[in-house]
1. Report the percentage of all Cα-Cα pairs in segment 74-191 whose separation exceeds 25 Å, rounded to a whole percent.
2. Using alpha-carbon pairs under 8 Å, 6+ residues apart, how would you state the relative contact order of segment 5-117 in percent?
3. How many percent of Cα pairs in segment 71-120 exceed 16 Å?
4. Calculate, for segment 35-105, the solvent-accessible area per residue in square angstrom, rolling a 1.4 angstrom probe over the heavy atoms of the protein chains.
5. One-quarter of the Cα convex hull surface for segment 120-185, in nm²?
6. Using DSSP to call loops (not H, G, I, E or B), can you name the trypsin sites (Lys or Arg not before Pro) in segment 95-184 whose Cβ has at most 16 other Cβ atoms within 10 angstrom?
7. Over the alpha-carbon set of segment 12-100, divide Rg by the Kirkwood Rh and report the Rg/Rh ratio to two decimals.
8. If I take all pairs of Cα atoms in segment 45-91, what percentage of them are more than 16 Å from each other?
Amino acid sequence: MNDKDGRREGRQRAKADFRFDDARLCFALAGTLADRGTDTPFERLARPDDLDRWSVESGCTTVAPVCTEADLDHARRLREAIQRTGQALADEAPPAREDIALINSAAAEPTSVPELSADAASVRWHGDGIAVVLSMVARDLIELCGSEHRTRVRICGNPACGTPFVDTSRAGARRWCSMKTCGALAKKRTYRARSQNGS
């Protein structure tokens, strides 16, 4: 493998990494489809074991569920319902009834139960299967919709991204889903443009 191939493979691996920085749980799931604003979106939930991994990395469970293709399809459908509902909140428009029905159906599944460790230093979640994880995700969106933060939902200012986020900044002027990813990319582009114009 030459250096160019190695760099390309490294970028693909980095793109496959899940994004949790600055994200609510529900919008972290929405972010598993990257590059929404491009002709070639990147699917981070490509296989059932990706969903297993997301379930653990999101903190929803400490034991990876064993997901099937049907589970993966259900998770993707819920993800898209959350994405569209996030867009509707950002646009101050009513969300689609079928999206709300799907979210409510997922939330109706039993959720996992938290257990505090004896020293109160950590929490373990008890619950079986991906339905528990998706219930937590759907309930997070429902909680958001019932809070004052519903008016703070924005869509990332990176045209290639399109992920919803909650702007919790005091001024209400946050533009990026995450400063570590899209915000940093925008800063790099601005710096390059200035450097080229100045040279």
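The values are calculated or read from the model by the stated rules, or taken from the named source; none is laboratory data. Everything quoted here is computed from the prediction, not taken from an experiment. Ideal geometry is used to build each Cβ from the backbone, glycine not excepted, and the neighbour counts take in all protein chains shown. Ligands, DNA and RNA are excluded from the accessible area calculation, which covers all protein heavy atoms including side chains. Shrake-Rupley method; radii C 1.70, N 1.55, O 1.52, S 1.80 Å.
1. Percentage above 25 Å: 38.
2. Relative contact order for segment 5-117 comes out at 17 percent.
3. Summing the P(r) tail past 16 Å for segment 71-120 gives 52 percent.
4. 53
5. For segment 120-185, averaging the hull's shadow over all directions gives 7.0 nm².
6. The qualifying sites are 170, 175.
7. Using only Cα positions, Rg/Rh for segment 12-100 is 0.97.
8. When every Cα pair of segment 45-91 is considered, 45 percent fall beyond 16 Å.
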